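In what follows, a structure is listed as structure tokens, so that the remarks can point back to it.
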Amino acid sequence: MKNLRQALQRRRAFEQEVPPGPRVVPLWALLLLALQTACPLAENYTDETGPRYSGDYLPPGSAEEPSSVTVVTFNLAFAEQVSEAITALTRPPLAGADVIAMQEMDAPAVDRIASELGLAYVYYPASVHVDGDDFGNAVLSRWPITADSKINLPHDDPYHQRHRIAVVATLDLRGTPVQVVSVHNATPTVGLGGRLDQVETIIDAVDGTGPLQVIAGDFNTSDPGSLEQTVKLFSERGFQWASEGVGDTVDSIIGGLPLDSVFVRGLSPVERGVDTRPAGSDHFPVWVRFAWPP
């Protein structure tokens, strides 16, 4: 199982890093493809209501009105290096983040991070990974979570039919609702059109449900032009690219890749960046600080 998982991880890197278009496929890639297609189809969670996990480790007492709101998005690869992730989330510039959108998570990892940082959380898995652990998205918050839901995204993985989702959480910032969405789009194997359909599905699901919205996560914008098209779609639907200019969020064998982004409607970003120090993942956490009150 370990060798199979390593092979799939190599396949994932290959899919993200190689641009589309005609190319000669090396023998090792054909052998890896044969291994992939011999694997069983993914076990997916397509019920909109669950499985669902939540917890509340907020300290007692009402938090003071914030002077700013910091949002972090962090894909913690296969939810493995939790201790390293907690270390990263407790040092500047990530320390004290008000909201953390996480991807590639399982329930125990989310619960541990929330308990150690004193946060509330909601988590929905999208599927069962090849190692037997759940694989999904979470929103963790320094403020109460008053509502949540799961958005099923179209276009499952063409090899194993692996499903993707977005998780929506409504936060109560001292009487002001803020809607946060944690996203994990499919890899380029579904094509740019498929991933844009996934973005459109998310925006349609939350459109008109609140004036203050943050959509953050791993959009898998590794192929040429995909980031620009994703930003264009969000802009046409009234969202600002809040993490514009932060640079690459993954350090791959062919160089940096800009996979993770934060988009916003109704809030003003004042500072942003990427924490490129080791954090237990192939992705670097992206952070954006917003002015508050809005």
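The values are calculated or read from the model by the stated rules, or taken from the named source; none is laboratory data. Worth saying up front: this structure is predicted, and the values here are computed from it rather than measured. No Cβ is skipped: glycine too gets one built from the backbone with ideal geometry, and neighbour counts run over all protein chains shown.
Here the condition is being under 29 Å from Thr146 (Cα atoms) and surrounded by fewer than 17 Cβ atoms within 10 Å (Cβ to Cβ); of Ala216, Ala291, it holds for Ala291 alone.
Filter the range 251-263 down to residues that are more than 17 Å from Gly225 (Cβ to Cβ) and surrounded by fewer than 22 Cβ atoms within 10 Å (Cβ to Cβ) and give me whichever is farthest from the chain's Cα centre (by Cα). Spell out how you get there, then give the answer.
First, the residues of the range 251-263 that are more than 17 Å from Gly225 (Cβ to Cβ): 251-253, 260, 262-263.
Right, trim to surrounded by fewer than 22 Cβ atoms within 10 Å (Cβ to Cβ) and you get 251-253.
Values: Asp251: 17, Ser252: 18, Ile253: 22 Å.
Selected residue: Ile253.
Residues that are in a loop (DSSP other than H, G, I, E, B), small (Gly, Ala, Ser) and touching a residue at least 40 places away in the same chain (Cβ under 8 Å): does the range 193-209 have at least one? For the range 193-209, residues in a loop (DSSP other than H, G, I, E, B), small (Gly, Ala, Ser) and touching a residue at least 40 places away in the same chain (Cβ under 8 Å): absent. For the range 246-291, the strands (runs of 3 or more DSSP E) that sit wholly inside it and include 2 or more residues that are more than 17 Å from Ile100 (Cα to Cα) and at pLDDT below 95 are 250-252, 255-257. Across the range 172-191, the number of residues qualifying as assigned to a helix (DSSP H, G or I), in contact with a Ser or Thr (Cβ under 8 Å, 6 or more places away or on another chain) and without any contact (Cβ under 8 Å) to a residue 40 or more places away in the chain comes to 0. For the range 117-154, name all the residues that are part of a loop (DSSP other than H, G, I, E, B) and within 24 Å of Thr70 (Cβ to Cβ). Listed by number, the residues that qualify are Gly118, Leu119, Arg142, Trp143, Pro144.
With respect to the conditions (1) crowded, with 24+ Cβ neighbours inside 10 Å; (2) over 12 Å from the mean Cα position of the chain (by Cα); (3) closer than 14 Å to Gln81 by Cβ, Leu119 falls short on a single one, namely (3). Picking from residues in the range 88-114 that are under 14 Å from Ala126 (Cβ atoms) and aliphatic (A, V, I, L, M), the one that is surrounded by the fewest Cβ atoms within 10 Å (Cβ to Cβ) is Ala107. For the range 186-215, the set of residues classified as in contact with a strand residue (DSSP E or B) (Cβ under 7 Å, 6 or more places away or on another chain) and under 17 Å from Ala101 (Cα atoms) consists of Ile202, Val206, Leu212, Gln213, Val214, Ile215, listed by residue number.
The single condition from (1) under 13 Å from Asp56 (Cα atoms); (2) surrounded by 24 or more Cβ atoms within 10 Å (Cβ to Cβ) that Ala79 fails is (1).
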